[in-house]
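Only one structure is covered here, and it is reproduced in the block below.
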Amino acid sequence: MRPGGGISSAHAPDLDLPARFMVLGMVDLLAVAVLAPFAVPLFAGSFSDLRLLAFVHLNTLGVVAAVILGATYQLVPVVLQTPLASVRVGRLSFWAFLVGLSFLLPGLLTLRHWAMGTGATLLVVAFLLYIGVVGTTLRRAQRWDVVAWHLAVALVGLAGGIFAGLLLAGSKGNGFLGAMTYPLLGAHVTFLLAAWVPVLLAGVAYRLVGMFTLAEDALWRPAAWAGLVLMTGGAWLLIAAFLLRTDPVVRLVAALAIAAGQILFAAQLVHLYRARRRRGFDVHIPFALVSAGGGTAAALLLVAGMALGAAAVVGAVGGCGVADAGWAGRDGDPGLLLQDRHVPRLAPPVRAARRAPACAAPGGDVLPPSGRRRVAALDGRVGPVARGCPARERGAGAHRGDGAGRGPGLLPDQRGPDRGPRTVERDRVVSTDADPTGGVGCD
């Protein structure tokens with residue numbers, strides 16, 4: 001018997017189940033490496049750029065989620081010392097995940113709603129199957145300790161992230177979320193990168209690092225419980241702050257709680273390593289420590305972003321782990337750290353209208369430059385593009401119906417080749433034709 005009781009890998013499933021997810025993750029990681037030089041400049045623009053959305057989801061779903069699903073299918077039975085509830089359902093979740101990803105990414109890139117809908121639906125099915133398998137395995141565990149509670153709470157965070165992502169995907173078609181698009185986007189990211197990934201990693205690491213170092217009995221359980229409460233409570237408080245648009249102080253408190261939980265997790269790993277009974281070098285430990293360090297750094301940047309009113313998103317990938325991430329905005333809107341003070345922050349359309357003209361779809365998404373050019377090309381008579389906004393003409397009579405200074409009004413109906421009637425109203429283009437943009441306006 002090993003010190004601390006030890007754990008066995010006898011309950012692990014056949015390797016073909018986790019291996020297929022790992023192979024998919026590595027292939028997508030190669031694609032990310034090839035595309036990164038072309039995609040990095042996109043981070044300085046609008047987060048609604050379809051190319052950027054596709055690249056981000058290639059990372060988050062194709063690499064991070066695929067590796068995490070495969071790793072947990074392999075490691076959760078070992079951690080819980082309970083056989084996986086259903087290997088067959090796990091394999092089915094892989095095929096739903098693969099096909100869903102194959103539809104979603106091209107759908108995002110080309111704005112084909114049927115492809116996005118099909119891909120999102122299949123991915124939801126895959127994640128629900130995953131939650132069912134891991135949740136059933138968890139329910140069958142003989143004992144519920146701090147590690148089991150980490151896994152259970154992480155599954156709830158994943159479910160919340162899936163639901164928020166499904167709403168965001170649906171809103172791409174008709175914009176029903178309106179001004180809630182960006183707050184829900186912040187909640188979606190926080191669910192996955194604060195309420196799911198780091199909580200899951202912490203729970204698994206507590207058990208596996210103890211196994212690798214033969215120091216499982218050295219775990220500081222009160223500190224592990226405190227870390228769980230702080231990370232989970234901070235994540236859910238931040239989600240509520242985004243959705244309810246609360247005072248910035250609330251978001252700062254949430255960020256501090258997440259950071260405190262991450263610091264406790266990192267300190268716990270250092271403690272287990274120092275208390276190790278296997279004194280030789282273990283190749284697994286550096287990856288775990290780097291991941292914990294990345295999570296702590298990301299959490300501290302989250303606190304800085306909340307305190308300074310800047311936006312922050314930071315990820316650290318090490319081994320099979322991804323670190324925490326933070327989102328903050330002066331008005332409660334998530335944005336990207338890669339945007340500097342010279343680049344306008346993302347904001348709901350109503351607020352954006354009070355600051356600077358921006359081209360936006362009815363759902364509140366800011367159009368990328370390519371979309372603006374396409375809108376401007378719909379009708380040459382609308383007027384030149386000024387400050388990136390079609391239908392905003394230069395001169396005092398830009399919005400006058402007769403060009404003679406009668407004040408705001410409507411331009412006469414115009415009809416172009418193969419187009420229906422078009423009416424240009426002040427600061428907004430209203431089109432009855434089914435153009436590929438789905439109708440856009442300037443807010």
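The values are calculated or read from the model by the stated rules, or taken from the named source; none is laboratory data. Source: prediction; values computed, not measured. Heads up, the Cβs are rebuilt from the backbone with ideal geometry, glycines too, and the neighbour counts pull from every protein chain shown.
The helices (runs of 4 or more DSSP H) located wholly in the range 99-212 that include 1 or more residues which are within 14 Å of the chain's Cα centre (by Cα) and free of Cβ contacts under 8 Å to residues at least 40 places away in the same chain occupy 146-174, 181-190.
Of the residues screened, T232 is one that is within 20 Å of the chain's Cα centre (by Cα), closer than 23 Å to V156 by Cβ and of a type in the set (S, T, N, Q). Among residues of the range 261-306 being among the β-branched types (V, I, T) and buried (at least 20 other Cβ atoms within 10 Å of the Cβ), the one that is nearest to W236 (Cα to Cα) is V303.
The C-beta contact set for the range 58-83 (first residue more than 16 Å from H150 (Cβ to Cβ), second residue at pLDDT 95 or above and acidic (D, E), distance under 9 angstrom, 6+ apart or interchain) comprises L58/D28; N59/D28; L61/D28; G62/D28; V63/D28; A66/D28. In a residue-by-residue description of the range 40-59, the property of being polar (S, T, N, Q) and modelled with pLDDT of 90 or more applies to at least one position.
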